[in-house]
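What follows is a short report on a single structure.
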Amino acid sequence: VEGNTLYYTTNRSEVVALDTRGEGKHAKVIWKFDMMEEVGSQPHNMSNSSPVSHGDLLFISTANGQDESHVHIPSPKAPSIIALNKKTGKLVWEDNPVEDRVLHGQWSSPSVGKVGDVVQVVMGQGDGWVRGYDALTGKRLWWFDMNPKNAVWPKTRNEVISTPVIYDNKVYIGNGQD
């Protein structure tokens, strides 16, 4: 929530901006961004990212994942993370480092913070890696595999579900499932 605007992600894979002052008893929709329609995301177990805001941008995980067979990835070209202009709902940047390596789904929400002199967006992604991006440009700055090199899905390799915490020039993030 910023001022009178509420940003959220629906279970239908939409990012929505609402004017909380509304019209009568209902909030007024300012804009909607349909991630399935606009960037081709096919979420596994519905979309579930909490948007995070910095400046004029919102950062969201698309929740792109496997289909219900747990074998096929219907949309391997869909991005893992997107940045939207929070005033207009227009796409500013996107990145798809995971491609067809989604282990199950993508459920981490992004975090924003300053590391050194750079404002970064950090998010755990569905291939078990955590990645950091320049918040304004979407340039990938760093990446780290959260699993041992000999880990194998689904027994010992995990996708990253937790939300990163950025504090004192460090990123803290948990790993594991169920």
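The values are calculated or read from the model by the stated rules, or taken from the named source; none is laboratory data. Computed from a predicted structure; not experimentally measured. Cβ sites come from the backbone with ideal geometry, for glycine too, and all protein chains shown count toward neighbours. Just so you know, the surface numbers come from the protein's heavy atoms only, side chains and all, with ligands and any DNA or RNA stripped out. Shrake-Rupley method; radii C 1.70, N 1.55, O 1.52, S 1.80 Å.
Pull up region 115-147, narrow it to residues that are touching a strand residue (DSSP E or B) at 6+ places or on another chain (Cβ under 8 Å) and among the acidic types (D, E), then point me to the one that is most open to solvent (accessible area, probe 1.4 Å).
To start, the set of residues in region 115-147 that are touching a strand residue (DSSP E or B) at 6+ places or on another chain (Cβ under 8 Å) comprises 115, 118-126, 128-146.
Subsequent filtering for residues that are among the acidic types (D, E) retains 134, 145.
Numbers: D134: 38, D145: 19 Å².
Checking each candidate, the answer is D134.
Looking for whichever is touching a helix residue (DSSP H, G or I) at 6+ places or on another chain (Cβ under 8 Å), of a type outside the set (V, I, T), touching a residue at least 12 places away in the same chain (Cβ under 8 Å) and under 21 Å from Y133 (Cβ atoms) here; the options are P76, P51, P43. Which one fits? Please lay out each step first, then the result.
Values: P76 fails: touching a helix residue (DSSP H, G or I) at 6+ places or on another chain (Cβ under 8 Å); P51 fails: touching a helix residue (DSSP H, G or I) at 6+ places or on another chain (Cβ under 8 Å).
Checking each option against the conditions leaves just P43.
Would you point out the residue of region 25-63, among those that are of a type in the set (S, T, N, Q) and in a strand (DSSP E or B), that is farthest from P76 (Cα to Cα)?
Only one residue fits best here, namely S53.
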Restricting attention to region 157-178, and to residues there that are open to solvent by 80 Å² or more (accessible area, probe 1.4 Å) and assigned to a loop (DSSP other than H, G, I, E, B), which single residue is farthest from G65 (Cα to Cα)?
-> D168
Going through region 90-112 one residue at a time, which ones are over 22 Å from H44 (Cα atoms) and either buried (at least 20 other Cβ atoms within 10 Å of the Cβ) or touching a His at 6+ places or on another chain (Cβ under 6 Å) (or both)?
-> V112
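Taking the conditions exactly as written (acidic (D, E) and part of a strand (DSSP E or B)), does E94 satisfy them or not? Let's see the steps before the verdict.
Values: acidic (D, E): yes; part of a strand (DSSP E or B): yes.
Yes, satisfied.
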Matching residues, region 114-140, being charged (D, E, K, R) and part of a strand (DSSP E or B) = K114, R131, D134, R140
Could you tell me which numbered condition I30 fails, if it satisfies all but one of (1) within 30 Å of W153 (Cα to Cα); (2) among the hydrophobic types (A, V, I, L, M, F, W, C); (3) more than 11 Å from the chain's Cα centre (by Cα)?
-> (1)
Would you check which residues across region 40-64 are touching a Ser or Thr at 6+ places or on another chain (Cβ under 8 Å) and either among the basic types (K, R) or open to solvent by 20 Å² or more (accessible area, probe 1.4 Å) (or both) and list them?
-> G40, Q42, P43, M46, N48, S50, P51, V52
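Taking D67 as the residue in question, decide whether it is surrounded by fewer than 14 Cβ atoms within 10 Å (Cβ to Cβ), touching a His at 6+ places or on another chain (Cβ under 8 Å) and of a type outside the set (K, R).
yes
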When the residues of region 1-19 are filtered to those that are β-branched (V, I, T) and farther than 19 Å from S41 by Cα, which remaining residue is surrounded by the fewest Cβ atoms within 10 Å (Cβ to Cβ)?
-> V1
